[in-house]
Amino acid sequence: VFQCTEPQKLFNIANELLHTEEAYVKRLHLLDQVFCTKLSEAGISSEVITGIFSNISSIYCFHGQFLLPELKTRITQEWSVNPRLGDILQKLAPFLKMYGEYVKNFDRAMDIVNTCMQRSSPFKDVVQNIQKQEVCGNLTLQHHMLEPVQRIPRYELLLKDYLKKLPDESPDRKDAEKSLELISTAANHSNAAIRKMEKMHKLLEVYERLGGEEDIVNPANELIKEGHIQKLSAKNGTAQDRYLFLFNSMVLYCVPKLRLIGQKFSVREKMDIAGLQVQEIAKQNVAHTFSITGKKRSLELQARTEEEKREWIQVIQATIEKHKQNSETFRAFNSSFSQEEEHLPDSSIASTSSVESVPGAEGGGAFGGSDSCRKSSKSKRDKEKQTCKSCSESFNSITKRRHHCKQCGAVICAKCSEFKPLADNNRHNRVCKECFLQLPASPCSPGVEAVGEQKKRLVSEKQSILAAENSVFSSYLQFLEKGKTWYKMWVTIPKTEPLVLYLQGSSQDRQSPRPVPLPGYEVSLPGAGEKFEVKHVFKLCQSHQTLYFSAEDEELQMKWMEILTKAAKGETEDTAEGLSNP
């Protein structure tokens, strides 16, 4: 029997990587240059297209113009003299950020596609026409959109296999191990998205089998069991063919439709799991029977075997129990949440601050004071408690929760508050930013210094990445993406990531620096029809995205254009030579 040598096994893995990369680039071309372009030509808004395809153009450019050509040259021309993969795959590292963005947007993208397929005829026509083409391989747009999510775990598997076969003393080991470490982190995020996608595909399948009658395609829904069942007629006891779909929150009781190809169903009854009961029943001359009773209706059902009956009863009962537990947990969370939100300020403050009632409670204030006082201040209190004192943004129960400053009693959001020890206790108390700046730190409280040090360290780490001395090039530029407002940004290309541009807002802006992977972008001056009030403008363009920058003078504008043009072509060597930061 022919045995592969270790070098041959390594070459086979490299070859598999090359062939899968070629197939992957074809899929990216289909997404970016076919689906994306055709939808754009059909007049679908750029917001919808960006919402669906996210940064697919950047991903396509990187793989098509940089990674694939490098792998091809190495594996088909240089392998005999330079059998390595780690050094090339390490170049993936800065671009894993692009995948992070794509994966993060994936759930939202699926929602938009599902909604548009149901509500927009032009969108549906374009997608269905492309799906009929041979290049689509009988797969849906959603299947192809999953490709970038699946690609990172594929690199991880190939690299693990490659490292197993790689000799310990190989010069490629260090690079390959570093690549695997970086890729594995990104793969974890992708795997979570894949699991969600598989769940969504099941729901989509059921949605189609129900003829689009029930809106079940929702990330909160989970299909638990489905199958044929007999329904016993209440009038004469005859058995009728029926079909059950059991979800985590409902049971769909369906009637099979007569069709030659592909079984379809019509929903006869939708029963909520909340309040549902399932039990075995004994009927004369009829075996394997049980009943499910909901708020509106009771059904007597018959399984084909005793085992099948037991399975249905157990699964439905387990689903009911799990739903009860989840509801109780949610109620407990809401209850503790309400208590924290409505926590009274200290008594020394209570006289000057407005005291709120529990949300949704009738009749205004729930604490002390005369009725007339409560009524006269109710409208003012209602208005005050709807918005944050500092940023004036409206509160909601999930993303913008309401808090009280423990010093002055003001109603604030989490973003506009800080934690500080007060004189009367050693805990960290939530206070508004004004009180945070005015209050002296309590010297006796434990851990205050440590928290301060941690804050300082995080800030300095963030600044050091963006600092001029650690960058290939950096300066302040005016930035415009949408609308007409220009923003002053600190723009830098770090030495550690010479193909990624970072945009950082003002010092008050707490947002993380925004990364822009440069390969595949086109750098140019504005077109004849583009007029701006500011001077020395240049732009970065890629597929459906354009970023505008304005420099202080022509020299800075030209320097940035030169550096960005090189980086956009994937050139990193000597980029920094002869350049000094202004």
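The values are calculated or read from the model by the stated rules, or taken from the named source; none is laboratory data. Computed from a predicted model, the values in this text were never measured in an experiment. For neighbour counting, all protein chains shown are included, and Cβ atoms are generated from backbone atoms with ideal geometry for every residue, glycine included. SASA here: full protein model, heavy atoms, side chains in, ligands and nucleic acids out. Shrake-Rupley method; radii C 1.70, N 1.55, O 1.52, S 1.80 Å.
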Item to check | For the stretch 465-573, the spread of Cα positions along each principal axis, largest first, Å | outcome: 38, 34, 28
Checklist outcome for this item: For F247, the residues 5 or more places away or on another chain with a placed amide H closer than 5 Å to its own amide H are I224, L252
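How big is the C-alpha Rg of the stretch 223-322 next to the rule-of-thumb value 2.2 N^0.38 Å, as a ratio? Walk me through the numbers before you get to the answer.
Values: Rg = 13.1 Å, N = 100, 2.2 N^0.38 = 12.7 Å.
Compared with the compact-globule rule of thumb, the stretch 223-322 sits at 1.04.
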Checklist entry - Ordering H403, H201 by how much accessible area each has at a 1.4 Å probe, largest first, what is the list? => result H201, H403
Item to check | Rg over Rh [alpha-carbon atoms, Kirkwood Rh] for the stretch 43-115 | outcome: 1.16
Checklist entry - Can you work out the FRET efficiency for the pair N15 and K178, with r the C-beta to C-beta distance and R0 = 25 Å, to the nearest 0.05? => result 0.65
Next on the checklist: I need the Debye-formula profile for the stretch 6-203: one equal scatterer per C-alpha, no solvent, reported as log10 I(q)/I(0) at q = 0.10, 0.11 1/Å, two decimals.
Outcome noted: -0.46, -0.54
Item to check | Entries of K124/K482; K199/K225; K225/K283; K202/K225 with Cα pairs more than 21 Å apart | outcome: K124/K482; K225/K283
Next on the checklist: Taking 56 Å as R0, compute the FRET efficiency from the Cβ-Cβ separation of E198 and V534 and round it to 0.05.
Outcome noted: 0.70
Checklist entry - In square angstrom, rounded to the nearest 10, how much accessible surface does M117 have for a 1.4 Å probe? => result 40
Item to check | Computed magnitude of the charge dipole of the stretch 465-573 (debye, nearest 20; Cβ of K, R +1, Cβ of D, E -1) | outcome: 360
Item to check | Label-point separation, T293 to E213 (7 Å along Cα→Cβ), nm | outcome: 2.6
Next on the checklist: Given the options P526, A467, I563, identify the residue whose Cα lies farthest towards the positive end of the charge dipole of the stretch 465-573 (+1 on Cβ of Lys, Arg; -1 on Cβ of Asp, Glu).
Outcome noted: P526
Item to check | Evaluated at q = 0.25 Å⁻¹: base-10 log I(q)/I(0), Debye formula over Cα of the stretch 1-65 | outcome: -1.01
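State which entries of K322/K406; K160/K324; K132/K257 exceed 31 angstrom in Cα-Cα distance in the structure shown.
The pairs that break the limit, which is 31 Å between Cα atoms, are K322/K406; K160/K324.
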Checklist entry - What is the extension gain from N129 to A318, computed as 0.36 nm multiplied by their sequence separation minus the C-alpha to C-alpha distance, in nm to one decimal? => result 63.7 nm
Checklist entry - Quick one: putting +1 on the C-beta of Lys and Arg, -1 on the C-beta of Asp and Glu, what dipole do you get for the stretch 6-203 around its Cα centre, in Debye to the nearest 20? => result 500
